[in-house]
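One structure is given here, and the rest of the page talks about it.
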Amino acid sequence: TGFNASVDYQCIIKRQVLFGELAINQNGKIGVLQSVLLNLSPTFKTALVFRYYSNGYSSSLGRAFGSTSHNSGEFGIYTTSSWIVNRNCEVYFYTDYYHLTWLSYRTDAPVTGCDFGISTQYAITRYSKLSAKYTYRGKSQNTSDNPYYREIGETLRHKVRLQWSNEPYPFLKLKTEADWQLNRAVSDQTNKCGFLIYQDVAIEIAKCGLAFHTRLAYFDTDSYDERQYAYEDDVYYTFTIGSYYYKGIRGYFVVRYKYKWLSFWLRLSQTYYIDRQVISSGLTEIDKPHKTELKLQAMFSL
């Protein structure tokens, strides 16, 4: 058995917001979050978040802000800002510097990490937008799978995302996205890359209750570590984020039909790998270079 107790506060001083929380568990270990929101001007805003979770602190029902899934053995400072350049352009950027004081996933020693990102969104027209994003992560982790001694090495990750969305007609939406990632191991100076590009087409015919969503994607990564993620449309009440790795082509097609009290969804997706003839291993092994998934869903509303 165990318990957690916490106290939080919020203070507003001339449009500036100061808030935080202090928590303690049954072992006397503490967790601290301290934040401030600064409205420096009508077009520029920034926020700072300080976090500290002592070794041994845990909360079974809580999930606070942090770089790991468990809020324990970590402290860091996170900053983020937004800047409205003009009526058509906005810029966002963030930094996160943190230190893990205990072991974590794929890291068998205390390490320090640093994240940085900047993104911009530009409205070409009322129905067409272009966005670009760059993120950097520098973190140390295990460089070998030796069970007796695992060396810790620094890995630098660079990611670039370009996206163009367009709505040429009220019933038609288009989105094109390209993602590129570079992982660089500082110890042996090796580089590994991953690339993803896809085209989305969405057609909605409101008069007859029909909607179509489709995607065609091409991906090429040097290993699983350079995998790319992208949100995918799915049936109702289902949330899917596709993981693209190795080399291949993936596509899916979703159709929705709605008539009075009846709604019907059909989703067909397939991934075809170019660089291999067998997919996965063990009980999930597929002795073909492709895998197909079919989903059907019907909903009655009375």
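The values are calculated or read from the model by the stated rules, or taken from the named source; none is laboratory data. Owing to the predicted nature of the structure, the values given are computational and were not obtained by experimental measurement. When we count neighbours, we look across all protein chains shown, and the Cβ atoms used for this are built from the backbone with ideal geometry, even at glycine. Quick note on the areas: whole protein, heavy atoms, side chains included, nothing else; ligands and nucleic acids left out. Shrake-Rupley method; radii C 1.70, N 1.55, O 1.52, S 1.80 Å.
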Modelled FRET efficiency - R0 45 Å, T238 with I13, Cβ distances, 0.05 increments: 0.50
Carbon plus sulfur fraction of accessible area for the range 186-281, probe 1.4 Å, in percent: 60 percent
Mean Cβ count within 10 Å, highest first, over the residues of peptides 219-227, 98-106: 219-227, 98-106
Only Lys, Arg (+1) and Asp, Glu (-1) charged, at Cβ; the chain dipole about Cα centre in debye: 1040 debye
Residue among C89, C208, C193 with the largest mean-square fluctuation in a Gaussian network model of the chain, springs linking Cα atoms under 10 Å: C208
For the range 198-214, 3J(HN,Hα) per residue [Karplus equation, 6.51 cos²θ - 1.76 cosθ + 1.60, θ = phi - 60°, Hz, x = Gly/Pro]: 8, 10, 10, 10, 10, 10, 10, 10, 5, 4, 9, x, 9, 8, 10, 9, 9
Under the Debye formula (equal points on every Cα, no solvent term), log10 I(q)/I(0) of the range 119-231 at q = 0.13, 0.24 Å⁻¹: -0.65, -1.29
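Return one quarter of the surface area of the convex hull spanned by the alpha-carbon atoms of the range 73-154, equal to its mean projected area, in nm².
Value for the range 73-154: 7.1 nm².
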Set of aspartates and glutamates near K45 by C-alpha distance (under 15 Å), chain-local residues within fewer than 8 positions excluded: E90
Along each principal axis, Cα extent of the range 151-210, largest first, Å: 62, 19, 11
Percentage of interatomic Cα-Cα distances in the range 174-240 larger than 17 Å: 58 percent
Under 25 Å from the Cα of K192 - lysines, other chains or at least 8 residues apart: K133, K139, K159, K247
Residue among D234, D96, D275 with the largest mean-square fluctuation in a Gaussian network model of the chain, springs linking Cα atoms under 10 Å: D275
The range 1-149: Cα Rg divided by the 2.2 N^0.38 Å rule of thumb: 1.30
Percent of C-alpha pairs per 20 Å bin, the chain, short to long: 23, 51, 26, 0
